Amino acid sequence: MQRFMPGFIKALKTIKSNKMREKYFYSSPVFFRILLLLIIITVTTGIELNAQDSTAAPVKTVKKKSYTKNTFEGNFLIDNQTVMVPIKGTFEFDINHRFGTTDHSFTDLFGLFAGANMRLGFSYTPIKDLQIGFGANNYNMIVDWSAKYAIVKQTRNNSMPVSVTYYGNAAMDTRARNASLPIVTTSDRFTFFNQILVARKFTEALSVQAGISLTHFNNVDGYYDASNNFQHAMKNDHLAVTFGGRFKISPKTSIIVNYDQPLTQHPMNNPHPNLSLGLDMKSSGHDFQVFFGNYGYTLPQLNNMLNQNDYTKGQFLIGFNISRLWNF
């Protein structure tokens, strides 16, 4: 005997209806169209992403160059410049002083009472690796303008084994014209100096440097010979080489040496080579050098062209360089 259960029959009908709808949906063209559309979208997107990846430039890791620091303690190596250029924004004040020669012994207290040459200089580094400067010298009331540029710098990994720097200046004799002064035109007042320096720091203690220079004088001394023809006593251009170095004996003190050899032979008054030895003492913001040598001027073109002090005759002199630096 079957019992009549309306709710149960209705539920069965609902389940059966749902199953039929589900079966119909999965077997319908609409389902397959949607499925096909999803496959097409997925495949197309994957191809596009792969195409973008294949054309993208590979990412390169750029390593910043690490340069060797403190090849020398400052701008000066006795009578020459060094390869060093202060960092951007550095203002520097220099005092260069040369006493008289020591060969007169106690007569002038080893040159301390003799006439001295002195220069006051100012320089600034406006951009990276470039320094410009101005100076005033008591010798012949000369003023000078200079520029210094670090062409290449030694790297820590030795991909660049040396530092190379250019230094140049122009100097002007500002004395008033008179009958005894051999100045006819303004051009006669000017001299020029150009130098290329190459240096290497071998260890924390040892650094060496070499360079070649060209000096030019617009006006040189001359004389009239027996036939009343004017003859130049010296050539207008002069080549020279320099060698120097420093060896640190403490974190703040170094022994410094320098040798300058003239190359050009002049008709008269050939300059003598220079040999110098001294100490470099460094402190925060200051650099002080005291030395013995036989260059008596404070400008390189004057030393290279006009030096008549002969170290083989004991014609040395005492000199010092003082530098003070500020960073802005």
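The values are calculated or read from the model by the stated rules, or taken from the named source; none is laboratory data. Here the structure is a predicted model, which means the values were calculated and not measured. When we count neighbours, we look across all protein chains shown, and the Cβ atoms used for this are built from the backbone with ideal geometry, even at glycine.
Observations
- Considered as a group, the residues in the stretch 218-233 that are surrounded by 10 or more Cβ atoms within 10 Å (Cβ to Cβ) and in a loop (DSSP other than H, G, I, E, B) include one that is modelled with the lowest pLDDT, and that residue is ASP221.
- Selection of the stretch 93-117 for residues being more than 26 Å from the chain's Cα centre (by Cα), outside any loop (DSSP other than H, G, I, E, B) and within 23 Å of GLY135 (Cα to Cα) yields ARG98, PHE99, GLY100, ASN117.
- Evaluation of LEU263 against (1) without any contact (Cβ under 8 Å) to a residue 60 or more places away in the chain; (2) surrounded by 13 or more Cβ atoms within 10 Å (Cβ to Cβ) (one fails), failing number: (2)
- Any hit, the stretch 129-141, residues being within 18 Å of the chain's Cα centre (by Cα) and among the polar types (S, T, N, Q): yes
- Residue within the stretch 120-142 that is part of a strand (DSSP E or B) and among the charged types (D, E, K, R) present: no
- The C-beta contact set for the stretch 284-309 (first residue over 22 Å from SER213 (Cα atoms), second residue acidic (Asp, Glu) and assigned to a strand (DSSP E or B), distance under 6 angstrom, 6+ apart or interchain) comprises GLN289/ASP280.
- PRO262 being in contact with a His (Cβ under 9 Å, 6 or more places away or on another chain), closer than 20 Å to ASP221 by Cα and at pLDDT below 95: no
- Pairs linking a residue in the stretch 156-185 that is under 26 Å from PHE134 (Cβ atoms) to a residue that is hydrophobic (A, V, I, L, M, F, W, C) and surrounded by fewer than 12 Cβ atoms within 10 Å (Cβ to Cβ), with Cβ atoms under 9 Å and 6 or more positions apart or on different chains, are ARG177/VAL184.
- Taking the numbered list (1) within 26 Å of the chain's Cα centre (by Cα); (2) surrounded by fewer than 18 Cβ atoms within 10 Å (Cβ to Cβ); (3) not in a loop (DSSP other than H, G, I, E, B) in turn, LYS248 passes all entries but (2).
- Selection within the stretch 270-296 - part of a loop (DSSP other than H, G, I, E, B) and crowded, with 22+ Cβ neighbours inside 10 Å: PRO271, ASN294, TYR295, GLY296
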